[in-house]
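Here the structure comes first, spelled out in structure tokens, and everything after it is commentary.
Please treat every number below as a calculation from the coordinates, not as lab data. The model shown is predicted, which means the values in this text are computed figures rather than measured ones. Here the Cβ positions follow ideal geometry from the backbone for every residue, glycine too, while neighbour counts run over all protein chains shown.
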């Protein structure tokens, strides 16, 4: 029996369950290359949502993800990075199926408190929809006024049962930690205190 026919005979729900156990994007891509029908399901609906890397100020991305809970729940890795200035990553990753152009972003020159609160509120709503999130990275070259990480950590703690790894990278700090569900809350609070004390 061909792979194409086998895929059609299986329920999409069972296929989704199998895919949820794949932890590496390279493995997802390998599975996607088995057949065109599997590729057409995996690439736009899973591979594009496996990891997100963009500026935390991108309220439009967080709002769009909050409107697509079925797709947002597939996110495994979330990296919040400064998109402009020193230390900007070479690649910004946002799902193409949501219509975002990674190059179409102008960061505000002045980081005001109110826009951050709005962006963070949208970010928190999106994270609540990411139960399979396993890794969170905060890599901001220059922390901006009013930026607090503890609301983000609280949402991850209660909404992301598969969470394992946290990386916080400020110019003067590099903290990478692995957590068990039981120790997550206390460890995160200690990290937030460490960052504030610098």
- Message: Give me 46, 132 sorted ascending by neighbouring Cβ count inside 10 Å, so fewest comes first.
- Response: 132, 46
- Message: Please compute the length gained on full extension between residue 14 and residue 45, using 0.36 nm multiplied by the number of residues separating them and subtracting their Cα-Cα distance.
- Response: 9.6 nm
- Message: Order 116-126, 29-39, 55-65, 154-164 from most to least packed using the mean count of other Cβ atoms within 10 Å.
- Response: 55-65, 116-126, 154-164, 29-39
